[in-house]
Every structure is written in structure tokens, then in C-alpha cells.
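Have a look at the structure below before the remarks.
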Amino acid sequence: MKLPSNFYKPLAIGAPEPLRELPVRLERMLHFFPPHLEKMRAKLPEIAKQVDVVVGNLEDAIPADAKEAARAGFIEAAAKTDFGQTGLWVRVNSLNSPWILEDLIQVVGAVGNKLDVVMLPKAEGPWDIHYLDQILAQLEARNGVRKPILIHAILETAQGVKNVDDIAAASPRMHGMSLGPADLSASRGMKTTRVGGGHPFYGVLEDPKADGGVRGFFQQDLWHYTVGRMVDACMSNGLRAFYGPFGDFQDDAACEAQFRNAFLQGCVGAWSLHPNQIAIAKRVFSPDVGEVTFAKRIIDAMPDGTGAVMIDGKMQDDATWKQAKVIFDLAKLVATKDPALAAQYGL
Ligand code: GLV
Ligand code: MG
């Protein structure tokens, strides 16, 4: 076992010190772009202004014969775009692919000082994080990278879910995790053909009615268990949890409902794969104005966060004060980026 005193030491001579806490950043949507397509690269500067994070995708959905073009396209776009406050991430190929080594060497070598996060697909256990951690340290040292590049794991295999707590605790380089419902469905042997969201057959049938009338069938959330485990693993290690992709671009309402469940369960953002999903994620992962106003009333009524008060007939105490702080702190962060919402929040 690694000694606790070594946990925060750089893994290579000349690599930057690991962070003790994540930088405070708004990451409501992780917006994916396919960097092998010229047209998409051309749109990047405009898109970067509308989103919290852009992710250059080198993995699934990029054809095998376009992997090198995607890598080169990502480097070109990353080098020439001014991202301002917007995060720059890359989803590299998986550890068992022939491409990842060159993805890391070339991307960190060319744009390591602009890159915030490497997204690691199909993370199975802490050993995957340790491997990437060590290579990133070597590449940071070799290329004079000044701040540590963080790791975001995609939770998309049965084994990854089994090891989710150990993945979260594997390195101070961990940023967080995203649910990868498409790969996870396959890995678990789920009988679905979708990318995220619910399923019409997964639900609960109402009890038989005395009059023999039609029984209601209520769809349930297929992802509730996994999101819950991911949120607990992330939050107990100071990391952030995200819903991943929602693949039905025709069904914005279902996308919104799925994102909102994740938000209420503790996630801070989701992937946007289509421009429509940017607005959905912005709406869902910015706290509701009514909730922020109520949270502010709780905080004002209990300035030191202790005791008990009644507000509109509802009991408030130290625990609801903490809930109010979660919402209010998020609202303050959103307000730094969104003047319209800041005004609605009264901030
Ligand atoms: C994402 O990569 C997924 O498999 O859902
Ligand atoms: Mg996947």
C-alpha cells in the first residue's frame, strides 16, 4: 500500500504538485465535439462561448480510420482557440486500444498547458487510474506542464461500478466521474438498445383494481442505482459526478427529465452531444429560482447555521441549513457566469 504521506507527491520528477482540492468551476454541460470534422472544428470558438466545458472526443463514435485525424484535429483546434473560462477536456481512447498512448503523448506534448482534464473511458478499477496517473506525470514533466491535468473516469462497465469507490480514491488527480449508460448496458447484459434514459418496459404495475379496471404502469429510472453509487463515491472523495450521454435527440423532454433526476441525486452536470442539449443542461443544472429564494430565506433565518426555525410551516434546522447552502453556493457560482440568472436569484 502507498504510504499516506506519499499520496500528494508528484509521480515524476518535474511534474507539478497534485491539487489538494478541485478548482471551483461551473461544469453544467460537458459538450462533446468530433475533432476530425473540419466543419465542427470551425464552430468550436462559437460553441466554446456557450458551454462550460468542451470535450474533444477521440474515442467511440470516431471511426477507426479517423482516429489520427481526430487527434490532430483536436490539437489544432485546442492550440488556436481561446477558451476563456471554458474548460478544455479530451476523451482519449480506452486503455486496451492501440491509440491511447499516442493520444496522451501527442495531446499533452502539444497542448498540455491548456488541457484541464483527460476523460478515461471504461475505467475498471484503481489500477487503470494509477497507470494513467503515472503516464500523465511523466508527460507533464517532459513537456513542462505547470498545473496537473486531472482525470475524469467514465463509469461504463460492470466491473467499474463494482470498484467505483476505489476508482474515486485512486489518485489526487481524480476530478470526477460520468455515467456511461450505453457501454454499461452492454457490459451488464441489460436488454436495451438505447443511449441513456428510461425504458418503456422497466416499471411497476399498479395493484389490481377492485372494479377490474385498467392498472397503471409507472416507468422507473433504470439509472437510479448507478447514479446513487457514483454520487456517493464521488462526494465522499471530494469529486464531482455527472450524468453522461442522452442519445435520443428528438426527445428533449425525456432528456430534461433524466438530467433532472441526476441533478436532484447530486450530479453537477451532464454531457451535451447535440446543440439542443446545451440549453437543457443549462436549465437543469442551474438551481431553480424558487429553490434559491427559499434557500436564502433559510440562511438568513439561521445566520450561524444552528437551531430550529419554522418557515411557511416547514421545520428548518442545521441539516436543512446545509441543504440550503448547497443550493445557494451553486447559485452564486452560476451567477458569476450568467447575469440574467444572477438577477433572477437576486445576487
Ligand atoms: C458513453 O460513453 C456511454 O457508453 O454511454
Ligand atoms: Mg462509452
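Those residues that are among the small types (Gly, Ala, Ser) and on the phi > 0 side of the Ramachandran plot, I need them from segment 300-347; list them, please.
First, pick out the residues of segment 300-347 that are among the small types (Gly, Ala, Ser): 301, 305, 307-308, 313, 319, 324, 331, 335, 340, 342-343, 346.
If the condition is that a residue be among the small types (Gly, Ala, Ser) and on the phi > 0 side of the Ramachandran plot, then 305, 307, 313, 346 are the ones that fit.
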- Return the total of residues in segment 3-40 being in a loop (DSSP other than H, G, I, E, B), out of contact with any strand residue (DSSP E or B) (no Cβ under 8 Å at 6 or more places or on another chain) and not β-branched (Val, Ile, Thr). 18
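Which residue, of 2, 49, is among the basic types (Lys, Arg), over 18 Å from residue 137 (Cα atoms) and surrounded by fewer than 18 Cβ atoms within 10 Å (Cβ to Cβ)? Can you show your working first?
Working: 2 fails: over 18 Å from residue 137 (Cα atoms).
Testing whether each residue is among the basic types (Lys, Arg), over 18 Å from residue 137 (Cα atoms) and surrounded by fewer than 18 Cβ atoms within 10 Å (Cβ to Cβ) leaves just 49.
Show me the helices (runs of 4 or more DSSP H) found entirely inside segment 135-252 where at least 3 residues are free of Cβ contacts under 8 Å to residues at least 40 places away in the same chain and more than 23 Å from residue 59 (Cβ to Cβ).
Values: elements: 158-162, 164-168, 181-188, 224-235.
Helices (runs of 4 or more DSSP H) meeting the threshold: 224-235.
Okay, residues lined up against (1) over 26 Å from residue 151 (Cα atoms); (2) surrounded by 17 or more Cβ atoms within 10 Å (Cβ to Cβ); (3) touching a Gly at 6+ places or on another chain (Cβ under 6 Å):
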residue: 202; (1), (2), (3): yes, no, no
residue: 233; (1), (2), (3): no, yes, no
residue: 262; (1), (2), (3): no, yes, no
residue: 285; (1), (2), (3): no, yes, yes
- Message: I'm checking my understanding of the structure. Among residues of segment 39-62 that are away from ligand 1 (no atom under 16 Å from the Cβ) and of a type in the set (Asp, Glu), which one is nearest to the chain's Cα centre (by Cα)?
- Response: 52
- Message: Checking residue 256 against (1) over 13 Å from the mean Cα position of the chain (by Cα); (2) part of a helix (DSSP H, G or I); (3) within 16 Å of ligand 2 (Cβ to nearest atom), only one condition comes out false. Which one?
- Response: (3)
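Please go through segment 282-328 and give me each residue that is part of a helix (DSSP H, G or I) and among the β-branched types (Val, Ile, Thr), ordered by number. Explain how you work it out, then say what you get.
Step one: filter segment 282-328 for residues part of a helix (DSSP H, G or I), giving 282-285, 289-301, 318-328.
Scanning segment 282-328 gives 284, 289, 292, 293, 298, 299, 320, 326, 327.
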- Just to be sure, is residue 82 assigned by TED's automatic domain parsing to the domain that holds residue 51, within 21 Å of residue 27 (Cα to Cα) and of a type in the set (Asp, Glu)? yes
- Task: Please enumerate the residues belonging to segment 92-129 that are within 17 Å of the chain's Cα centre (by Cα) and within 16 Å of ligand 2 (Cβ to nearest atom).
- Result: 92, 118, 119, 120, 121, 122, 123
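Condition check: at pLDDT 95 or above, of a type in the set (Gly, Ala, Ser), touching a Cys at 6+ places or on another chain (Cβ under 9 Å) and surrounded by 19 or more Cβ atoms within 10 Å (Cβ to Cβ). Does residue 295 satisfy that? Break it down into steps so the answer makes sense when it comes.
Numbers: at pLDDT 95 or above: yes; of a type in the set (Gly, Ala, Ser): yes; touching a Cys at 6+ places or on another chain (Cβ under 9 Å): no; surrounded by 19 or more Cβ atoms within 10 Å (Cβ to Cβ): yes.
For residue 295, the condition - at pLDDT 95 or above, of a type in the set (Gly, Ala, Ser), touching a Cys at 6+ places or on another chain (Cβ under 9 Å) and surrounded by 19 or more Cβ atoms within 10 Å (Cβ to Cβ) - is not met.
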- Note on the structure: Taking segment 54-65 and keeping only residues that are free of Cβ contacts under 8 Å to residues at least 40 places away in the same chain and outside any loop (DSSP other than H, G, I, E, B), one is left with 54, 56, 57, 64, 65
- Message: If I ask for residues that are more than 11 Å from ligand 1 (Cβ to nearest atom), over 22 Å from residue 232 (Cβ atoms) and among the basic types (Lys, Arg), which ones from segment 177-203 would you list?
- Response: 191
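The values are calculated or read from the model by the stated rules, or taken from the named source; none is laboratory data. The structure displayed is predicted, hence computed values, not measured ones. As a convention, Cβ positions derive from the backbone with ideal geometry for all residues, glycine included, and neighbour counts pool all protein chains shown.
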